[in-house]
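The values are calculated or read from the model by the stated rules, or taken from the named source; none is laboratory data. What you see is a predicted model, and the numbers here were worked out from it, not measured in a lab. Neighbour counts run over all protein chains shown; Cβ positions are idealised from the backbone, glycine included. When the accessible area is computed, the model is the full protein with side chains, heavy atoms only, and any ligands, DNA or RNA have been set aside. Shrake-Rupley method; radii C 1.70, N 1.55, O 1.52, S 1.80 Å.
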Amino acid sequence: MDLSELERDNTGRCRLNSPVPSVCRKEPCVLGVDEAGRGPVLGPMVYAICYCPLSRLADLEALKVADSKTLSESERHRLFAKIEEDGDFVGWALDILSPNLISTSMLGRVKYNLNSLSHDTATGLMQYALDQGVKVAQVFVDTVGPPETYQERLQQRFPGVEVTVKAKADALYPVVSAASICAKVARDQAVKNWKFVEKLQDLDTDYGSGYPNDPKTKAWLREHVDPVFGFPQFVRFSWRTAQSILEKEAEDVTWEDSQTGDQEGLRRIKSYFSEGPRPRLPHRYFQERGLESATIL
């Protein structure tokens, strides 16, 4: 899988896709949606869709696709290669969300939680397929949150499509299994070849599984936290595991608008950047009228 676009800029989001098979613009199609990397504290989250004509669904099933979590890495790569070989009737698309995008979304002034981000990403990929001319008739989605609520929301958004949202859909519907494989192959490759924008010395790329409860992942986080600048952008700093390490290992900072009580010994944030007091400008009313204080005439 060619992830060169992501490797050039892995700070935001990146959409990749196969060519749309011509038959998918002519015949009613079934489409599956799944993700990989929702839970880890390290690396991107990848959403994927896979689709094919309803008349060729048996051919997709013949590939023996399965939930990517039950397959070895070599099996996933082999099956993705088969999906690529059958590009005359199978198409796919990915949306790769960087750790930086995930965390800044979740910790922004307007909160955007992971469920909402996941729902909107899946919806965006479904709309992308329709915009590319795919005749989507049926959609199967691996749920995030309560499946009934999620299905109702998608059905309202796409009234002309039959939508089914189920838990463990990647083990129930082959087209969702295929999407699961596409997402997992992309995430594994992205993590393996991650380009760190930070200049890190003695970088250890043995991250463990990347999940918050993995001791090796926790050890990597403690080793690669900077006391001032925090974690590399490879880390989802909004995860509680990362926040706990920051609270223990990073320097305390007093923000100008939140200083209370006796905080002697804590440096103000502007002290890192300012060499001296900055002159206070007059109010805009006086600047616009060219008025000056009589004390400096």
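Below is a table of values for the structure above.
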{"read-out": "Per-residue HN-Hα couplings for region 76-87 [Karplus 6.51, -1.76, 1.60; θ = phi - 60°; Hz; x = Gly/Pro]", "value": "4, 5, 5, 5, 5, 4, 5, 4, 5, 5, 8, x"}
{"read-out": "Reach of K64 by Cα under 19 Å, taken over lysines that are not fewer than 8 positions away in the same chain", "value": "K82, K168, K184"}
{"read-out": "Hits among aspartates and glutamates - C-alpha to C-alpha of K195 under 16 Å, sequence gap 8 or more where chains match", "value": "D2, E5, E7, D9, D204, D206"}
{"read-out": "Computed FRET value (nearest 0.05) for S72 with R109, which takes r as the C-beta separation and R₀ as 51 Å", "value": "0.75"}
{"read-out": "Label-to-label distance, nm, for residues given as E198 and A219 (7 Å Cα→Cβ offset)", "value": "1.9"}
{"read-out": "With Cα atoms, 0 to 90° folded angle of helix 240-249 axis to the chain main axis", "value": "30"}
{"read-out": "Helix-derived mean residue ellipticity, 222 nm - over the chain, DSSP H n ≥ 4, -39500 (n - 2.57), to 500", "value": "-10500 deg cm²/dmol"}
{"read-out": "When each of K192/K216; K111/K216; K166/K192 is checked by Cα-Cα distance, pairs over 24 Å", "value": "K111/K216; K166/K192"}
{"read-out": "Fraction of antiparallel bridges per DSSP, region 3-193 only, in percent to nearest 5", "value": "65"}
{"read-out": "Ratio of Rg to Rh over region 162-215 (Cα coordinates, Kirkwood Rh, two decimals)", "value": "1.15"}
{"read-out": "Label corresponding to percent of Cα pairs over 28 Å apart when calculated from the structure given, among [x] 49; [y] 45; [z] 39", "value": "[x]"}
{"read-out": "The chain: relative contact order in percent, alpha carbon pairs under 8 Å with at least 6 residues between", "value": "24"}
{"read-out": "Solvent-accessible heavy-atom area per residue, rounded to whole Å², over the chain at 1.4 Å", "value": "56"}
{"read-out": "Distance between modelled label sites at S116 and E84, nm, 7 Å Cα→Cβ extension", "value": "3.8"}
{"read-out": "Surface share of carbon and sulfur [accessible, 1.4 angstrom probe, percent] for the chain", "value": "50"}
{"read-out": "Distance between region 7-37 and region 82-154 - C-alpha centres, whole angstrom", "value": "10"}
